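Have a look at the structure below before the remarks.
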Amino acid sequence: MIKNFLIVNANYYNEISAGLLKSAMNSLPSKAKIKIINVPGVFEIPVTISKHLKKFDGFIALGCVIKGQTPHFDFISQASTNALMKLSIDSKKPIGNGIITCLSMKQAQARKKKGAEAAEAVISVLLQK
């Protein structure tokens, strides 16, 4: 299975996004064609994927949102999740959601390997018949 993948990586928390990206890359087939686009935050991931829907077979969204003292966390988390789901359903293409939503930096650091789970989910859908 040689497929084309786009990884959109929100690097607001660079150390966390680097871990997510590394784990995702390690889970993709070695002969896969992979393009990585970095964006400043998770809110920019859905529009970036939508601009490239026709060029790739599968997509992986990576990033981190950490709860602060305002409701911003809730709005960004929900909006990005809803947008990714809608894009995936409308395009009939898999989008692995590797955007982690955490209450602290410590939680985020413990979840840097979630990029692998997002990549594996995309591969699973691509293998469906």
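Here, each number is a calculation from the coordinates, and none is a lab measurement. Keep in mind that this is a model prediction, so the values were computed, not measured. Methodologically, a virtual Cβ is constructed for each residue, glycine included, from the backbone with ideal geometry; neighbour enumeration extends over all protein chains shown.
A few notes on this one:
- Between 0 and 90°, nearest 10: helix 114-126 axis offset from the chain longest Cα axis: 30 degrees
- Amide proton proximity set for Ala10, modelled H, under 5 Å, gap of 5+: Val39, Leu62, Gly63
- Set of lysines near Lys33 by C-alpha distance (under 29 Å), chain-local residues within fewer than 8 positions excluded: Lys3, Lys22, Lys51, Lys54, Lys55, Lys86, Lys92, Lys93, Lys112, Lys113, Lys114, Lys129
- Once the C-beta distance of Leu127 and His72 is scaled by a Förster radius of 41 Å, the resulting FRET efficiency is 0.65 to the nearest 0.05.
- FRET efficiency, Ala18 to His52 (Cβ-Cβ, R0 30 Å, nearest 0.05): 0.85
- Remark: the stretch 3-129 carries a charge dipole of roughly 440 debye about the Cα centre, counting +1 on each Lys and Arg Cβ and -1 on each Asp and Glu Cβ.
- Ratio Rg/Rh, restricted to the stretch 4-126 and using Cα atoms, in which Rh is the Kirkwood radius: 0.95
- Value of [θ]222 nm, deg cm²/dmol, for the chain, DSSP H segments ≥ 4, -39500 (n - 2.57) each, nearest 500: -14500 deg cm²/dmol
- Here the simple spin-label model places points 7 Å from the Cα toward Cβ, and for Lys31 and Asn82 these points are separated by 4.2 nm.
- Centroid-to-centroid separation of the stretch 34-51 and the stretch 69-129 [C-alpha atoms, Å]: 12 Å
- Positive dipole terminus of the stretch 59-129, leading residue within Ser91, Ala118, Pro71 (C-beta point charges): Ala118
- Tilt relative to the chain, helix 14-27 - C-alpha long axis, 0 to 90 degrees, to 10: 30 degrees
- Size of electric dipole in the stretch 9-62: Cβ of Lys, Arg +1 and of Asp, Glu -1, about Cα centre, debye, nearest 20: 320 debye
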